[in-house]
Structure formats: structure tokens, C-alpha cells
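The values are calculated or read from the model by the stated rules, or taken from the named source; none is laboratory data. Note that the structure is predicted; figures quoted are calculated from it, not measured. Counting neighbours? That spans all protein chains shown, and the Cβs are built from the backbone with ideal geometry, glycine included. Protein only, heavy atoms only, side chains kept; ligands, DNA and RNA dropped before computing areas. Shrake-Rupley method; radii C 1.70, N 1.55, O 1.52, S 1.80 Å.
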Amino acid sequence: MRKLLSLALFFTTLNIYAVAPSVEGLFRNPNSQDLDGNLIILKAMIEREATEEEYFKPSFYKFIFSIEAEQRVKFLQVEYSEGKMSNDEVVSTLFLNNFFPKVKNDELIERSLFYSLLTMYGLNSSEAISSILKRYSMNYISNKDSLNKEKLDLFDKYKKYLTAVKENEDIKEELTSPLEGEDEEAKKKIQEIRSSSMYSENKALKLVKEGRNFFLNLDLGGVTAKFTNEEHRLVRMKVSKGTSDVESFFSDYILFNGRHELPKHIMIKDQSNINYNVRFLGLSIFNNTGDDLAKRALRYKKIEEENLAKNPKKDLMSQEEPVANAKGQKLITQKPVLVY
């Protein structure tokens with residue numbers, strides 16, 4: 001019992017001084033609860049902002065993620081022509097047997113960012129967005145690289161000490177607990193380590209006041225972001241590459257299923273200064289007890305081909321003469337640059 005209390009005390013100390021958020025932690029949608037299933041379905045509408053001459057038909061999507069063994073993620077994207085998202089409205093499908101490598105290696109910033117945001121909000125994962133931080137910022141340090149090695153080493157020694165004492169009570173008197181130290185100087189050093197943060201100080205993250213509100217501003221040199229101070233909700237993000245920027249803005253955070261929080265609206269400005277409005281329409285999380293995602297993808301692909309055979313005009317690559325509305329704007333049907 002005494003050993004358990006000592007270990008609990010060590011963990012308590014470790015947690016108290018790890019309160020300051022890490023960069024990776026901020027990009028894991030920290031205000032949302034843990035996933036309670038392995039099949040995640042996000043529904044969204046994407047609409048390009050209108051110009052004086054043109055307005056754009058919104059696109060509707062299901063983004064389906066299946067978490068497999070060893071955290072590999074399969075991915076299915078289904079595009080619909082209308083918001084009902086019925087089978088006869090399926091116009092295109094995409095299946096990836098291993099999602100993260102494609103997104104992390106994507107050279108188009110806005111597209112890589114969009115799918116990274118899907119995994120941030122849908123999977124509570126910072127894996128994809130961390131690849132953006134590594135590629136386009138100058139000062140990004142991962143959690144692994146910023147860990148306090150002295151603290152980890154002390155924890156490791158203490159675990160080994162507890163294991164040794166548990167296996168052989170007789171050697172307890174011969175050993176000194178790594179948390180106690182053999183002299184005053186050693187005790188002082190141990191206390192300093194225990195009182196230190198679990199991660200090295202992050203100078204890129206600063207608390208700022210805007211009006212009556214406080215925010216966390218992140219500046220990694222090439223990537224900047226702004227989060228609310230208390231909930232750590234992402235408010236704004238900008239990724240720079242040379243003279244080009246991709247900016248995104250997030251608003252109206254809500255609970256979609258009572259447990260998992262998403263922004264209802266995201267606006268992404270691409271490298272050509274074109275705005276795309278993304279609206280999340282739903283989030284569902286299940287434990288998959290049916291066919292795996294590859295089989296589901298084949299069924300959707302068959303539906304897509306049947307729809308195209310019935311109505312070739314549903315193929316987004318075939319363009320009809322644009323129809324003008326009352327304002328004289330021509331309706332354009334075009335796949336958003338944000339998606340594959």
C-alpha cells in the first residue's frame with residue numbers, strides 16, 4: 001500500500017506541473033471526449049465563395065474513418081450531389097487503405113490541412129497536422145523531443161526500485177528510493193526535478209489579452225494559430241509557404257453527439273485567396289460489427305458506377321453550359337480544391 005501511495009504521489013506531482021498545454025495537445029481537439037468506437041463518420045458541406053460573375057454548387061460528403069490494428073486508419077470518402085446524401089445522389093468515392101501517408105505527403109497545403117483538420121476533430125489526432133507543422137514551420141518541437149529527460153529518468157528509476165522491492169522485500173533496507181536521495185544535495189536535486197515541467201518551456205506559445213478575453217497565440221515561424229485560453233479551441237490558423245498563405249477560421253463549436261465537440265463552421269482561404277466554407281452536418285461513432293471498410297467501399301463504388309450509367313451528367317468532370325441566376329451569376333459545378 002505504501003509503495004502504491006508513493007507512486008500515486010509521483011504521478012500527482014508529474015501531472016500538476018504538466019498543466020501547460022503542448023502544441024500537439026492543442027491540435028488534438030482537447031475539449032472533446034475520447035473516442036468510444038472504431039468507426040467514425042463525419043458529414044460535411046463544402047461551398048466555394050461566390051464571385052460577382054459566378055456562384056458554386058455546394059458539395060456534400062461523408063468522410064468515414066476506420067481505426068484498425070496498430071492505429072492504422074482506413075478511409076472512405078463519398079461525395080453526394082445533394083444534402084440528403086441518399087444512394088442515388090452518390091457521384092464519386094475514394095478509398096484509402098492507409099490514410100495518413102497520403103495526407104502527410106500531400107504537397108498542396110490547403111488539401112493536406114483540410115484532411116488533417118478532419119482527423120483532428122474526428123479522431124482527436126494530431127498526427128497529420130503535426131506533419132504540416134514540421135514541414136512549414138521553423139520552430140516546431142514534437143512532444144517526444146520536448147520531454148524532460150531528467151524527469152523521465154527519475155520516473156524510470158523509481159519504477160525499477162518498486163519492482164525490485166516487490167520481488168524481494170529483504171533488499172528494501174539495502175536500497176534507497178530514487179525519490180529520497182542519499183544526502184541533502186541529492187534531495188534538493190530530486191525536488192527540483194519533481195517540481196519541473198514534464199515538457200521543456202514552449203516559448204512559441206504565449207498568453208495574450210484581446211479586449212476582455214485571453215487567448216493562446218502560437219507562433220512557430222511559418223505556422224501561426226490562435227486558441228481560446230480555457231477550452232483550448234482553435235480559432236484561427238495560418239500556414240505560410242514562401243509568399244503564399246493558407247488561412248483558416250473556426251467558429252460555433254457545438255457538441256454533435258453529446259460527447260464530441262466540433263466547430264460547426266470552418267472557412268479556409270486557399271493560396272489563390274479563394275474562400276471555401278466548410279460546415280459540419282453530423283458526427284457518428286460506432287464499434288464496427290459489420291463489413292470492414294474495404295468491402296463497404298466496393299459497395300459505394302458500385303453505386304457510383306450505376307448512378308453514372310443512369311445519368312452521365314452527374315459526372316462532375318462533364319460540364320454543361322452554366323445557368324445564370326437572377327443576379328446574372330453563372331452556376332458552376334466544380335470539385336472543391338480541398339478534397340481529393
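General observations
- When residue 264 is tested against the conditions (1) open to solvent by less than 70 Å² (accessible area, probe 1.4 Å); (2) part of a loop (DSSP other than H, G, I, E, B), the lone failure is (2).
- Qualifying position, being touching a strand residue (DSSP E or B) at 6+ places or on another chain (Cβ under 8 Å) and more than 28 Å from residue 337 (Cα to Cα), among 92, 142, 146, 81: 146
- Test result for residue 174, assigned to a loop (DSSP other than H, G, I, E, B) and not hydroxyl-bearing (Ser, Thr, Tyr): yes
- Residue within region 165-186 that is open to solvent by 60 Å² or more (accessible area, probe 1.4 Å) and within 15 Å of residue 25 (Cα to Cα) present: no
- One residue stands out among those in region 107-153 that are among the charged types (D, E, K, R) and open to solvent by less than 10 Å² (accessible area, probe 1.4 Å): the one that is nearest to the chain's Cα centre (by Cα), which is 110.
- Single residue of region 267-303 satisfying the filter (more than 21 Å from residue 82 (Cβ to Cβ) and part of a strand (DSSP E or B)) that is most open to solvent (accessible area, probe 1.4 Å): 286
- Region 187-217: number of residues that are more than 30 Å from residue 248 (Cα to Cα) and either in contact (Cβ under 8 Å) with a residue 12 or more places away in the chain or open to solvent by less than 50 Å² (accessible area, probe 1.4 Å) (or both): 7
- Qualifying residue in region 218-239 (condition: more than 27 Å from residue 63 (Cβ to Cβ), open to solvent by 50 Å² or more (accessible area, probe 1.4 Å) and part of a strand (DSSP E or B)): yes
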